[in-house]
Amino acid sequence: MAVGTLFVALLAHAGGRRDGDGNGGALGNPGVYPPGSSPFGKSYGEWSAEHWKWLLSIPYATNPANDFSGANCAEGQSGQVWFLSGSFCPEPPTPCSNFTVTRECTVPAGKALFFPILDSECSTLEGNGTTDAELRACAKSFQDLGTGMTCEVDGVPIGKLQSYRVQSPLFTYGPLPEGNIFQVFGLDAPAGSTSPSVSDGVFLMLVPPSAGPHTIHFTGSIP
């Protein structure tokens, strides 16, 4: 099981733009954009693709998912939405389980926060298929194994997490950097590589929080 705790500090008063409906709809999750919404012009599925493109564009050595303190959380960030990441295994390519990561991250005020509770990704480069249907089935097969998903924001549980499960549209990641995560896992993924991909996972988009410290705690496991 992977367990993450993020201590997020907002730099200044957050009086930034709040796009769309952030009241959680009928799910009872205030401060979370509801499933089916399109915050800042993109659906949850489209934002999940943007999240993966961001994550895979960063070398493993400085990748936020390989960061166990929060020092690299600003890598590659831009725009109104700030991406938070899950975690790679502490010692890839060795399989891992039952580890906890605690990060402290300072985020500029007015940023919405987008992050996975648990997600999967399949691409042609990884040998997962060559068609949209094959990649979609692959990502679903991994995500279907997910268990133990929970999330709390400032101690308040986020309910009905499965309602936030989405598949991305088919997207292309890359060009990959030198020292990318696929190379660390022993795949043939030279710098400059691109590949079609699909992701499947449970993601949350938080309305820009108020200034000050906030804690996000989430768990999830894929056997």
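If you stretched the chain out fully between Glu50 and Ser78, how much longer would it get, using 0.36 nm times the residue separation minus the C-alpha to C-alpha distance? Present the calculation step by step, with values, prior to reporting the outcome.
On the way: separation 28, 0.36 × 28 = 10.08 nm, distance 1.15 nm.
Result: 8.9 nm gained on full extension.
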Which of the aspartates and glutamates could a cross-linker bridge to Lys53, judged by Cα under 19 Å and excluding same-chain residues fewer than eight apart?
-> Asp67, Glu75, Asp119, Glu121, Glu126, Asp132, Glu178, Asp188, Asp200
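What ranking do Ser57, Ser48, Ser210 get, fewest neighbouring Cβ atoms within 10 angstrom at the top? Let's see the in-between values first.
Working: Ser57 16, Ser48 27, Ser210 12.
The fewest-first ordering by Cβ neighbours comes to Ser210, Ser57, Ser48.
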Give me the number: length gained by fully extending Asp188 to Leu145, i.e. 0.36 nm times residue separation minus the C-alpha to C-alpha distance, one decimal in nm.
-> 12.8 nm
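Percent of Cα-Cα pairs more than 20 Å apart in segment 25-81, please. Show your work: numbers first, answer last.
Numbers: 649 of 1596 pairs.
Tail of the P(r) past 20 Å holds 41 percent of the pairs.
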Which length gain, in nm to one decimal place, applies between Asp154 and Glu126 when the Cα-Cα distance is subtracted from 0.36 nm times their residue separation?
-> 6.4 nm
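FYI, it's all coordinate maths here, none of it is from the lab. Just so you know, these numbers come straight off a predicted model, no measurement behind them. In this analysis, Cβ positions are derived from the backbone assuming ideal geometry, glycine residues included, and neighbour counts consider all displayed protein chains.
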